[in-house]
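Here is the structure we will look at.
The values are calculated or read from the model by the stated rules, or taken from the named source; none is laboratory data. On a predicted model such as this, the values are computed, not experimentally measured, just so you know. No Cβ is skipped: glycine too gets one built from the backbone with ideal geometry, and neighbour counts run over all protein chains shown.
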Amino acid sequence: MALKDITLGQYFPGNSPVHKLDPRTKLLAVVLYIVALFLASWFISYALMLAALCLSIAISRVPPKAILRGMKPVVFILVFTGLLNLFYTPGGTPLAQVWIFTITLEGVYRAFFMVVRILMLIAGTFLLTYTTSPILLTDGLESLLGPLKKVKVPVHELAMMMSIALRFIPTLIEETDKIMSAQRARGADFDSGSLLQRARALLPLLVPLFISAFRRADELATAMECRCYHGGEGRTRLRQLKYRASDYLTLALFLAITVAAGVLGHFGL
Amino acid sequence: MDPIIETKQLTHIYSAGTPFEHTALAGIGFHALPGEYLGIIGHTGSGKSTLIQHLNGLLKPSSGQVLLQGGDIWSDPKATRRARFQVGLVFQYPEYQLFEETVYKDISFGPKNMGLDEKETDRRVRSAAYFVGLRDDQLNQSPFELSGGQKRRVAIAGVIAMEPKVLILDEPTAGLDPEGVESILGNIRDYHQVRGATIILVSHSMEDMARTVDRLVVIDDGKIPFQGPPREVFQHGDELEGMGLGVPQLTRVFHRLKALGVDIDPSVYTLDQAKAAILAKLGKGAV
């Protein structure tokens, strides 16, 4: 097993127009997209959303397979939601009777739209994380949440913690991989045995991992202090976020889609 | 003599089918003889770490074979497990793998996983500790109280305690002071001589390699461009430098002398050889 194959943070490097958008634009666009998804209510508005999603994926050149692969873990939730909506939608035209449950036409539609909504929600957010590196994402979040500094929310510190955490995920995965290999070389077995045996087998992995994580944290803190790091006040950035024409265009488009979905949804289309 | 371990057309591709796809090994044919002291050199990212992790079955070949005493180590799970114990692998900075409460318990982790009884485990722990120069009273200490160099000895002992027929060490002297380097290399030599085991040393220090190994295998970009006794390999000075490896400083001096027009054998790499070559050149004969 190669832990390296796990794509945490999900970033897919690329050079498409979607990759090049300002992270703030993408974050806002995703928020608008989610709002629009909840405003949509019938085939026409969903078709509009689906078109927007497919177009974005096509422009991003992220392989659709990669997005589908990410859906796997939510299959259970999808089935569960689908069934709940199918059986528990009151009123309407009855279609079939299963034991004490009645399946209605409304229920079928509702279950269908709910599942489609969740799928599109996940696909949209995946597109964000696939096309935006974690560092840019936190930069974007910090900038968008900036106004909260006025009410004493430590936005910079939170963003810094997030960046550091994200920065160390690959390092820790690599470290875990190394320690696992080293213990395997001494005959450790992580993949077989009872639950208790497996939990015990993790000890030779977790102890060194914790020790090294603490060591790294300590070293990083020292290194930051050596460079006189003291928080966000008066700090300038290497990467300046800047909106460009394409960002305004994207935002305008998504705003239009949201309004359209809202209007269509309002009229039940 | 039949090789104790060999690879045939060994290829390994990381993250196949993703944008991160990377061919680390491209059809490597590598072998080690019983009792041989072998050195593997290669630049960072050349594929040497990938190669050694195939030798004890930690990585599975994308294609090709790894044979231990003639048998494919992936033929069945038992063969793979046997390879784990017969081919001991000491990773780079092995001190970061220590986890037990005492040095003794940590060294006994390997033998216990092999399913050995108390008595045999005890014998192996003590003999491994002896090989790496740990004192008896240190066995009951916590490994985390020891110095960096001593921690590394404990980690090496943890692998030696499995008494592998092939012992692979990845940069065992990285980050140690000259005295520590000497002493660890000495411990490995002792194990080689007393046990008659095959040693495979991975390093990029040409000086360390030149002094210790019988045969050098150069890895570059997932392939083996040269292998042979250090003297032969160092004749490819320019190519080695092209790979970011370089030759020992002494060899470089002699290469330069040759380039300046002195008729001298440029393949020396130890002080004694250098002395002999210069004296011979000056017509005074060996002293």
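Can you say whether A:Ala221 is within 23 Å of B:Thr80 (Cα to Cα) and either away from chain B (no Cβ under 12 Å) or in a loop (DSSP other than H, G, I, E, B) (or both), as far as the supplied structure shows?
no
Among all residue pairs at least 6 apart or on different chains, which show Cβ distances below 6 Å where the first residue, located in segment A:186-212, is within 7 Å of another protein chain (Cβ to nearest Cβ) and the second is surrounded by 14 or more Cβ atoms within 10 Å (Cβ to Cβ) and among the aromatic types (Phe, Trp, Tyr)?
A:Arg186/B:Phe109; A:Pro204/B:Phe99; A:Val207/B:Phe99; A:Pro208/B:Tyr96; A:Pro208/B:Phe99; A:Ser212/B:Tyr96
Could you tell me whether any residue of segment B:168-177 is surrounded by fewer than 20 Cβ atoms within 10 Å (Cβ to Cβ) and over 18 Å from the mean Cα position of the chain (by Cα)?
yes
Would you pick out the residues in segment A:251-269 that are surrounded by fewer than 21 Cβ atoms within 10 Å (Cβ to Cβ) and either among the hydroxyl-bearing types (Ser, Thr, Tyr) or not in a helix (DSSP H, G or I) (or both)?
The answer is A:Phe267, A:Gly268, A:Leu269.
In this structure, does A:Thr171 turn out to be in contact with a His (Cβ under 7 Å, 6 or more places away or on another chain) and either closer than 20 Å to A:Ile34 by Cβ or loosely packed, with under 14 Cβ neighbours inside 10 Å (or both)?
no
If you go through segment A:196-218, how many residues are more than 29 Å from the chain's Cα centre (by Cα) and either outside any helix (DSSP H, G or I) or farther than 18 Å from B:Val103 by Cα (or both)?
Counting residues in segment A:196-218 that are more than 29 Å from the chain's Cα centre (by Cα) and either outside any helix (DSSP H, G or I) or farther than 18 Å from B:Val103 by Cα (or both) gives 8.
Tell me which residues, restricted to segment A:172-195, are of a type outside the set (Lys, Arg), modelled with pLDDT of 85 or more and in a helix (DSSP H, G or I).
Scanning segment A:172-195 gives A:Leu172, A:Ile173, A:Glu174, A:Glu175, A:Thr176, A:Asp177, A:Ile179, A:Met180, A:Ser181, A:Ala182, A:Gln183, A:Ala185.
Of all residues being under 24 Å from B:Thr50 (Cβ atoms) and small (Gly, Ala, Ser) in segment B:189-206, which is nearest to the other protein chains (Cβ to nearest Cβ)? Just the residue, please.
Result: B:Ala197.
Failed condition for B:Gly133, given (1) modelled with pLDDT of 90 or more; (2) at positive phi, with all others met?
Failed condition: (1).
Just checking: which of the helices (runs of 4 or more DSSP H) contained wholly in segment A:34-96 hold 2 or more residues that are over 18 Å from the mean Cα position of the chain (by Cα)?
Those helices (runs of 4 or more DSSP H) span A:43-60, A:75-87.
Tell me which residues, restricted to segment B:88-118, are of a type in the set (A, V, I, L, M) and either in contact with an Asp or Glu (Cβ under 8 Å, 6 or more places away or on another chain) or not assigned by TED's automatic domain parsing to the domain that holds B:Leu146 (or both).
Listed by number, the residues that qualify are B:Leu89, B:Val90, B:Leu98.
Can you tell me how many residues in segment B:167-188 are of a type in the set (Asp, Glu), under 26 Å from B:Thr50 (Cα atoms) and assigned to a helix (DSSP H, G or I)?
Looking only at that region, the number is 0.
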